[in-house]
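Student: Handing you a structure now.
The values are calculated or read from the model by the stated rules, or taken from the named source; none is laboratory data. Since we're looking at a predicted model, the values are computed, not measured. Methodologically, a virtual Cβ is constructed for each residue, glycine included, from the backbone with ideal geometry; neighbour enumeration extends over all protein chains shown.
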Amino acid sequence: MTTLKPDAVVVGGGAAGMAAALELEKAGCSCVIVEREEGLGGILMQCAHAGFGLVEFDEELTGPEFAERFAEKVLASRVTVLDGATALELRDEGDRKVLDCCSAKRGVVRIEARAVVLAMGCRERNRGNVRIPGSRPAGVYTAGLAQRLVNIEGVVPGRRVVVIGSGDIGLIMARRMSWIGAKVEAVVEILPYPSGLTRNIVQCLEDFGIPLYLGHQTTRIFGKDRVEGVEIAPLENGALDLSRARTIPCDTVLLSVGLVPENELSRGAGVELNPATNGPKVDSTLMTSVPGVFACGNVLHVHDLVDWVAEEARRAGAHAAAWLRGERPGPELRVKAGANVRYVAPVKVDLTRKNRVYFRSLAVLHGATLEARIDRRVLRTVRKGHAQPSEMLSIELGPEDFADLAEAGSDAVLEIALV
Amino acid sequence: MSAVRDVVVIGAGVSGACIARRLSAYELDVALVDKEPDVSFGTSKANSGIVHGGFHHPGTKLKTRLEIQGNLMFDRLKRELDFPFERCGIVVAALHDEEMRAIEQLHRQGVENGAVGIEMCSRERILELEPALGPEVVGGLHSPGGGIVEPYRFVFAVVESAMKNGVALETGFKAVKAENLGETWRVSAEDGRAIEARWVVNAAGLYADEVSALFGAEEFSIKPRKGEYYLLDRAAKAKPRKVVFPVPSAISKGMLVIPTVEGTVLVGPTADDIEDKTDFETTRERLERILVSARSLVPTVSESDVIASFSGLRPSAGDDFYIDLSEKAPRLVQVAGIQSPGLTASPAIGEYVKDLLKKGGLRLVEKASYDPFLEPKPRVRETDAFGIDRLVADDPAYGNIICRCERVSEAEIVNAIRAGHDTLDGIKYFTRAQMGRCQGGFCTYRIVKIIMRETGKGWDEVTKRGGASRLVEGEL
């Protein structure tokens with residue numbers, strides 16, 4: 001067994017991991033990236049469509065192009081990349097964090113670091129998670145698996161497709177399947193509004209004439225060996241109206257029913273999770289409940305755009321480097337989700353410096369105003385106009401917002417609300 | 001293939017497998033055939049995976065005698081065959097005082113049957129034994145001899161052991177014709193293959209009635225009774241230590257909360273008589289009922305922990321097993337109606353059928369070379385970091401983790417394929433790859449590529465479970 005002793009280990013070599021590692025390196029910390037796949041890039045590598053990098057690079061890139069820009073820098077740096085290596089276990093031994101990983105090339109490598117950045121990304125929810133009954137034929141895939149099959153393996157998953165859920169990957173795969181000559185019969189969304197970005201609804205469905213059934217539940221997948229069809233029914237006032245159920249014949253079902261941060265490794269290390277995001281609870285420095293362990297990207301909360309992942313990951317890397325230098329956050333204030341807000345990340349802000357808090361709306365809102373307040377005292381309001389759950393929102397709060405908070409008391413909580 | 005075999009066993013589920021393995025200890029030429037592309041693909045793959053405690057049925061039944069006997073055989077089988085089995089114990093929870101009367105009856109029955117260590121429990125005692133039970137529990141029954149087993153792994157191991165001792169396995173062999181040639185039977189398959197054997201064992205599960213008809217033997221009918229299940233994540237909040245039963249009803253043992261040997265949790269099954277032996281659909285209403293019922297026993301059962309649902313069909317032929325020499329067809333043994341507790345009883349069924357064959361005139365001479373042991377197979381998930389490092393030194397493929405959720409390496413998948421499990425489902429049951437929380441979302445394409453490399457199949461030739469269950473249409 002080989003042992004490495006860098007200052008920091010970054011778990012995951014996707015957008016988040018690469019951005020965090022580069023920041024650590026810039027600050028003079030030795031750093032190892034552990035990546036499961038051969039090569040860097042993570043899930044971006046199968047996202048052949050454009051739309052990445054508008055914020056980060058001010059141009060429109062494909063997933064692999066976006067990843068390449070970071071990967072080149074990482075490979076040119078002193079960051080050590082252990083790819084094809086699966087993280088087995090993370091242990092918190094106080095000042096020392098121990099990560100065991102294994103690969104075919106190197107066997108088991110034990111990494112003893114003083115800081116860890118978690119950047120493992122997320123996984124797709126599956127049929128069982130959303131409890132769609134029926135038979136279990138071949139031809140039921142998550143949208144991400146279908147994307148891999150088409151874009152990287154170069155195979156056709158099926159000819160007649162129904163997409164369940166209107167998440168972004170599902171919408172993009174509806175278009176991709178159309179491009180390879182498959183007929184996409186429908187996209188079925190249980191909510192009364194789409195789960196994906198508006199631009200994807202337009203570019204992936206409307207431009208291809210693919211019907212979108214909002215407020216419809218999939219009540220059954222059927223077929224003996226291969227999928228033969230699905231049954232869907234509308235929801236009326238929250239209840240299924242089975243009298244208006246319909247059958248859609250198809251040979252393939254793609255599921256795009258949400259993403260879950262993949263935190264099994266974190267949980268094993270004792271990291272406390274936030275039930276609202278399924279990601280770690282982090283302080284103003286993106287540090288988890290385990291001192292020295294940081295989190296960023298989709299393992300922290302599911303992002304809508306990779307550009308925000310990179311932004312957040314850079315901060316996580318910089319904070320990890322600062323922590324290694326012995327710096328600690330100033331006095332912090334707890335942040336929580338208020339009216340119409342699903343979650344906030346991080347759950348603490350530093351009163352002495354600028355903070356960025358990401359959050360999502362719980363509903364489709366028109367003419368929404370963002371309010372940051374403590375009890376009845378409004379610190380800041382921002383006109384947001386339209387807000388919807390599929391789009392991430394953020395607010396920057398700095399020392400000027402926290403002026404004369406002395407009387408607020410130590411149990412004060414900052415609330416982010418959409419009103 | 002030799003000209004005439006001594007015995008052909010039709011059906012490679014748990015009964016057929018145990019019978020074939022038992023016969024492999026003798027100087028006999030035995031074939032085991034199954035219509036599916038792999039063994040254990042029928043009732044044996046979708047059930048509760050329980051080694052029962054011997055108190056649910058009266059001792060007058062054949063199934064009870066075989067259950068008690070079979071239960072006691074599992075420790076030795078585990079030593080020989082290295083499959084996941086744990087004697088974790090069973091509790092039956094009573095939720096009100098009237099149910100305690102049924103508990104008393106089960107207890108008396110268990111004692112009469114000779115169930116080992118069975119005890120009546122006060123509320124305090126049962127909550128101490130099983131803290132996951134809800135506050136409504138008023139008492140219950142504890143059967144420390146009950147346990148849990150991974151049913152397909154058990155069948156795979158039994159078949160592997162039988163093959164190691166000379167049994168010939170033919171999969172994809174759907175028996176469609178049987179001719180009595182006087183001293184022998186000639187059994188033909190749909191695809192033209194044929195096997196000639198002196199004796200035939202009908203262990204065809206759901207299709208035992210149809211196979212019996214091929215031989216002009218007893219007329220009976222196998223009624224499928226569907227059981228639906230939910231599988232919960234290994235990180236589920238609801239994780240009992242013991243198998244939790246409700247007080248049974250007239251037609252079934254009720255819906256259980258089962259901590260599986262592999263660390264997940266299973267809730268179910270329902271019990272519904274159906275007509276179609278190929279109907280494995282789950283239904284919304286019944287799945288919801290499972291959750292309600294399971295929560296009445298273990299309140300922490302949560303729908304947010306569900307990772308899969310599935311159903312299995314019990315092959316019911318009345319309320320007892322039907323295992324006997326056929327009175328109508330010569331040299332045929334019927335092994336039918338093996339529903340619960342069939343898995344528990346299966347090792348004893350092997351013994352019982354061996355005795356029936358002897359009674360019928362089959363000469364049994366012990367084989368000096370019989371080796372009941374299988375070499376344990378390394379599993380990365382059950383190995384510590386140092387052990388994995390040693391495995392990788394011998395075979396780098398142990399370091400390539402294919403299934404992240406259940407931590408299954410490429411080497412284990414290759415072993416499965418080389419042992420004949422070359423469908424996605426076969427690999428799933430053999431290795432657990434695709435059986436975890438992502439249900440194959442990340443690893444399916446990797447497994448398909450390993451199957452292609454090992455078997456030379458193309459993308460469109462790899463299937464989920466044989467037949468027309470192809471995964472993709474082909475290349476772009």
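Student: Is there a residue being farther than 21 Å from A:F52 by Cα and buried (at least 17 other Cβ atoms within 10 Å of the Cβ) anywhere in segment A:302-314?
Tutor: There is no residue in segment A:302-314 that is farther than 21 Å from A:F52 by Cα and buried (at least 17 other Cβ atoms within 10 Å of the Cβ).
Student: Before we move on, is B:S369 among the polar types (S, T, N, Q) and within 19 Å of B:A204 (Cβ to Cβ)?
Tutor: no
Student: Here's another thing I want to ask about it. Looking at this structure, is B:V301 outside any helix (DSSP H, G or I), without any contact (Cβ under 8 Å) to a residue 60 or more places away in the chain, among the aliphatic types (A, V, I, L, M) and crowded, with 20+ Cβ neighbours inside 10 Å?
Tutor: So B:V301 fails the test.
Student: Within segment B:118-169, track down each residue that is without any contact (Cβ under 8 Å) to a residue 40 or more places away in the chain and under 20 Å from B:I68 (Cα atoms).
Tutor: Answer for segment B:118-169, where residues must be without any contact (Cβ under 8 Å) to a residue 40 or more places away in the chain and under 20 Å from B:I68 (Cα atoms): B:E119, B:M120.
Student: Being among the charged types (D, E, K, R), more than 19 Å from the chain's Cα centre (by Cα) and crowded, with 20+ Cβ neighbours inside 10 Å: is that true of B:R5 here?
Tutor: yes
Student: Of the residues that make up segment A:51-73, is at least one within 29 Å of B:A385 (Cβ to Cβ) and among the β-branched types (V, I, T)?
Tutor: no
Student: Right, A:R110: more than 30 Å from A:T288 (Cα to Cα) and surrounded by fewer than 24 Cβ atoms within 10 Å (Cβ to Cβ) or not?
Tutor: So A:R110 does not fit the description; no.
Student: For segment A:170-183, check the following and say yes or no: at least one residue is at pLDDT 95 or above, over 24 Å from the mean Cα position of the chain (by Cα), over 14 Å from A:C250 (Cβ atoms) and aliphatic (A, V, I, L, M).
Tutor: Checked segment A:170-183: at least one residue is at pLDDT 95 or above, over 24 Å from the mean Cα position of the chain (by Cα), over 14 Å from A:C250 (Cβ atoms) and aliphatic (A, V, I, L, M).
Student: Of the residues B:A208, B:A194, B:A178, which is in contact with a strand residue (DSSP E or B) (Cβ under 6 Å, 6 or more places away or on another chain) and surrounded by fewer than 19 Cβ atoms within 10 Å (Cβ to Cβ)?
Tutor: After ruling out the rest, the residue left standing is B:A194.
Student: Another question, if that's okay. Only one residue in B:I349, B:I290, B:I307 is crowded, with 18+ Cβ neighbours inside 10 Å, under 27 Å from B:S40 (Cα atoms), in contact with a Cys (Cβ under 9 Å, 6 or more places away or on another chain) and within 14 Å of another protein chain (Cβ to nearest Cβ). Which one?
Tutor: The unique qualifying residue is B:I307.
Student: Take the residues in segment A:134-147 that are assigned to a strand (DSSP E or B), facing chain B (nearest Cβ under 7 Å) and not hydrophobic (A, V, I, L, M, F, W, C), then tell me which one is nearest to A:V230 (Cα to Cα).
Tutor: If we take residues in segment A:134-147 being assigned to a strand (DSSP E or B), facing chain B (nearest Cβ under 7 Å) and not hydrophobic (A, V, I, L, M, F, W, C), then A:G134 is nearest to A:V230 (Cα to Cα).
Student: Here is a follow-up. Being more than 9 Å from chain A (Cβ to nearest Cβ), out of contact with any Cys (no Cβ under 9 Å at 6 or more places or on another chain), under 25 Å from B:V159 (Cβ atoms) and crowded, with 21+ Cβ neighbours inside 10 Å is the requirement here; does B:L357 meet it?
Tutor: Yes; evaluated as a whole, the condition is true for this residue.
Student: Among (1) more than 13 Å from every other protein chain (Cβ to nearest Cβ); (2) more than 25 Å from the chain's Cα centre (by Cα); (3) at pLDDT 95 or above, where does A:R159 come up short?
Tutor: Evaluating A:R159 over (1) more than 13 Å from every other protein chain (Cβ to nearest Cβ); (2) more than 25 Å from the chain's Cα centre (by Cα); (3) at pLDDT 95 or above leaves (1) as the failure.
Student: It is to be established whether one or more residues within segment A:120-133 are closer than 30 Å to B:P396 by Cβ and at the interface with chain B (Cβ under 7 Å from one of its Cβ atoms).
Tutor: Within segment A:120-133 (the criterion being closer than 30 Å to B:P396 by Cβ and at the interface with chain B (Cβ under 7 Å from one of its Cβ atoms)), the answer is yes, since at least one residue qualifies.
Student: Something else: Could you count how many residues in segment B:255-273 are outside any strand (DSSP E or B), of a type in the set (V, I, T) and more than 12 Å from B:G312 (Cβ to Cβ)?
Tutor: 3
Student: Can you pull out the helices (runs of 4 or more DSSP H) entirely within segment B:364-445 that have at least 2 residues that are under 24 Å from the mean Cα position of the chain (by Cα)?
Tutor: B:410-418, B:424-431
Student: Within the set of pairs 6+ apart or on separate chains, which have a first residue in segment B:232-254 that is away from every other protein chain (no Cβ under 14 Å), a second that is in a loop (DSSP other than H, G, I, E, B) and among the basic types (K, R), and C-beta atoms under 7 Å apart?
Tutor: As it stands, the answer is B:F245/B:K253, since those pairs meet every condition given.
Student: Return yes or no: is A:A320 modelled with pLDDT of 95 or more and either assigned to a loop (DSSP other than H, G, I, E, B) or in contact with a strand residue (DSSP E or B) (Cβ under 9 Å, 6 or more places away or on another chain) (or both)?
Tutor: yes
Student: Of all residues being of a type in the set (A, V, I, L, M, F, W, C) and in contact with a His (Cβ under 8 Å, 6 or more places away or on another chain) in segment B:53-91, which is nearest to B:P151 (Cα to Cα)? Just the residue, please.
Tutor: So the residue we want is B:I90.
Student: Still on this model: When you check B:R437 against the structure, is it touching a residue at least 40 places away in the same chain (Cβ under 8 Å), at the interface with another protein chain (Cβ under 9 Å from one of its Cβ atoms) and either touching a Ser or Thr at 6+ places or on another chain (Cβ under 7 Å) or of a type in the set (A, V, I, L, M) (or both), yes or no?
Tutor: No; evaluated as a whole, the condition is false for this residue.
Student: Which residue out of A:V81, A:V98, A:V116 is crowded, with 23+ Cβ neighbours inside 10 Å, part of a strand (DSSP E or B) and either more than 7 Å from chain B (Cβ to nearest Cβ) or among the hydrophobic types (A, V, I, L, M, F, W, C) (or both)?
Tutor: Only one candidate qualifies: A:V116.
Student: Another one. Could you please find all residues in segment B:440-454 being more than 10 Å from chain A (Cβ to nearest Cβ) and either within 17 Å of A:L259 (Cα to Cα) or not acidic (D, E) (or both)?
Tutor: B:I447, B:I450, B:I451, B:M452, B:R453
Student: Right, something else. Within the group A:E37, A:E89, A:E65, which residue is in contact with a Gly (Cβ under 8 Å, 6 or more places away or on another chain) and assigned to a loop (DSSP other than H, G, I, E, B)?
Tutor: Result: A:E37 is the single residue among A:E37, A:E89, A:E65 that is in contact with a Gly (Cβ under 8 Å, 6 or more places away or on another chain) and assigned to a loop (DSSP other than H, G, I, E, B).
Student: Could you count how many residues in segment B:8-40 are surrounded by 24 or more Cβ atoms within 10 Å (Cβ to Cβ) and either of a type in the set (F, W, Y) or in contact with a Pro (Cβ under 6 Å, 6 or more places away or on another chain) (or both)?
Tutor: 1
Student: Does A:G14 satisfy the condition of being out of contact with any strand residue (DSSP E or B) (no Cβ under 9 Å at 6 or more places or on another chain) and buried (at least 17 other Cβ atoms within 10 Å of the Cβ)?
Tutor: Yes; evaluated as a whole, the condition is true for this residue.
Student: Any idea which residue in segment A:255-273 is farthest from A:G196 (Cα to Cα), counting only those that are within 11 Å of another protein chain (Cβ to nearest Cβ) and among the hydrophobic types (A, V, I, L, M, F, W, C)?
Tutor: If we take residues in segment A:255-273 being within 11 Å of another protein chain (Cβ to nearest Cβ) and among the hydrophobic types (A, V, I, L, M, F, W, C), then A:L265 is farthest from A:G196 (Cα to Cα).
Student: If you scan segment A:251-279, which residues turn out to be over 30 Å from A:V230 (Cα atoms) and aliphatic (A, V, I, L, M)?
Tutor: Once the filter is applied, which keeps residues that are over 30 Å from A:V230 (Cα atoms) and aliphatic (A, V, I, L, M), segment A:251-279 yields A:L265, A:A269, A:V271, A:L273, A:A276.
Student: May I ask you to list the residues in segment B:321-342 that are over 15 Å from B:I68 (Cα atoms) and not in a loop (DSSP other than H, G, I, E, B)?
Tutor: Those that are over 15 Å from B:I68 (Cα atoms) and not in a loop (DSSP other than H, G, I, E, B): B:Y322, B:I323, B:D324, B:L325, B:L332, B:V333, B:Q334, B:V335, B:A336.
Student: Something else: Could you please find all residues in segment B:136-148 being more than 24 Å from the chain's Cα centre (by Cα) and either at pLDDT below 95 or among the small types (G, A, S) (or both)?
Tutor: B:E136, B:G139, B:G140
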